[in-house]
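This report concerns only the one structure given below.
Read the figures in this text as sums done on the coordinates, not as results from a lab. Keep in mind it's a predicted model, so treat the numbers as computed, not measured. Ideal geometry is used to build each Cβ from the backbone, glycine not excepted, and the neighbour counts take in all protein chains shown.
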């Protein structure tokens with residue numbers, strides 16, 4: 001991949017802050033737009049880099065962000081209200097304004113400034129449930145179980161409609177549930193949250209223990225983004241890709257058993273209590289991204305659990321306790 005100018009919205013977040021470092025290390029120019037809702041400490045290490053620029057901005061303000069798109073080759077659109085708890089708290093209006101209208105703003109500016117490609121961060125939450133219990137593919141019906149998924153589906157539809165006539169090539173990545181450390185590690189995600197709770201409390205309470213999720217390490221996600229930025233446009237234009245690994249499909253109870261291997265003496269309690277929110281129960285197929293882009297996740301769930309346990313025991317994530325206090329149910 002030749003040296004490019006890449007604009008990342010939401011670049012101070014979980015994925016974006018790690019992606020920035022990877023792209024800079026590879027010699028690219030990186031511009032980040034972020035409204036800093038969760039602060040900007042994750043970007044401090046990059047501020048002195050000659051190929052890095054940061055601008056505090058909101059994707060809902062189209063006029064305000066327009067000036068930052070000049071000379072941009074690719075756009076990675078990560079900015080969003082993420083997860084069903086956040087969307088449910090803010091409500092339908094603000095959630096669609098950010099996740100749909102904000103996406104439209106960023107894509108239209110990318111198109112106007114002749115950016116080559118536009119990578120959109122979506123979610124496998126869009127599938128909701130599987131009718132027959134078999135792994136869902138990119139062609140499977142969508143049964144959103146949350147407002148968050150509804151906003152992402154609407155944004156996907158807009159982008160796919162643009163693909164046939166736009167100069168800028170949109171591509172949709174439906175990420176599995178992420179795990180692993182980044183400059184802004186999240187603890188409202190099942191694996192990270194389970195490991196933290198296990199180490200701090202010595203006990204896990206698991207709801208819907210048989211519900212299935214798909215998982216992917218954040219460093220593998222960064223690699224998938226890099227592959228999409230380098231792939232021939234014909235391979236990615238208007239395409240939807242599940243991003244994860246076929247070996248990353250686990251039930252919540254199976255994740256708890258893996259955590260137990262690295263937190264001896266852990267007490268695990270299961271409850272079947274239902275709660276309002278995202279009731280996903282699916283396994284996902286990731287054959288398409290491997291076949292088309294050559295992507296293969298390298299870091300297993302068990303390796304990620306061991307890594308997170310080691311990092312937390314080391315004390316490197318000093319704010320992990322506060323993060324756990326503010327976390328909702330693991331995504």
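Quick notes
- Estimated translational D of the stretch 181-237 in µm²/s (Stokes, Kirkwood radius over Cα pairs; 20 °C; 1.002 mPa s): 151
- When Rg and the Kirkwood Rh are both derived from Cα coordinates, the Rg/Rh ratio for the stretch 202-290 amounts to 1.09.
- Virtual spin-label span in nm between residue 51 and residue 253, 7 Å along Cα→Cβ: 4.9
- Note: relative contact order over the stretch 23-150, using C-alpha pairs below 8 Å and six or more positions apart, is 24 percent.
- Average projection, convex hull of the Cα set of the stretch 131-170: 3.6 square nanometres.
- Evaluated at q = 0.09, 0.11, 0.13 Å⁻¹: base-10 log I(q)/I(0), Debye formula over Cα of the chain: -0.44, -0.67, -0.96
- Surface/4 estimate of mean projected area, convex hull on alpha-carbon atoms of the stretch 1-57, nm²: 3.4
- Over the chain, relative contact order from alpha-carbon pairs under 8 Å, at least 6 apart, %: 19
- Against the chain, whose longest principal axis is taken from its Cα atoms, helix 301-314 shows a tilt of about 80°.
- Rounded to 5, percent antiparallel among DSSP beta bridges of the chain: 5
- Under the Debye formula (equal points on every Cα, no solvent term), log10 I(q)/I(0) of the stretch 1-102 at q = 0.11, 0.22, 0.23 Å⁻¹: -0.33, -1.15, -1.23
- Peptides 224-234, 190-200 ranked from most to least packed give 190-200, 224-234, packing being the mean of other C-beta atoms within 10 angstrom over each peptide's residues.
- Rounded to 10°, Cα long-axis angle of helix 147-163 versus longest principal axis of the chain: 30
- Computed over every Cα-Cα pair of the stretch 97-206 and binned at 10 Å starting from 0, the pair-distance distribution P(r) comes out as 13, 33, 31, 18, 5, 1 percent.
- Computed over the stretch 165-262, relative contact order equals 44 percent, with contacts defined as Cα pairs under 8 Å that lie 6+ residues apart.
- Of all DSSP beta bridges confined to the stretch 180-287, the antiparallel ones make up roughly 40%.
- MRE, 222 nm, helices only [DSSP H, n ≥ 4, -39500 (n - 2.57), over the chain, to nearest 500]: -11000 deg cm²/dmol
- In degrees, nearest ten, helix 218-230 long axis to first principal axis of the chain (Cα): 20
- Kirkwood Rh, Cα atoms: Rg over Rh of the stretch 148-244: 1.08
- Length gained when the stretch residue 292-residue 270 is fully extended (0.36 nm per residue, less Cα-Cα span): 4.0 nm
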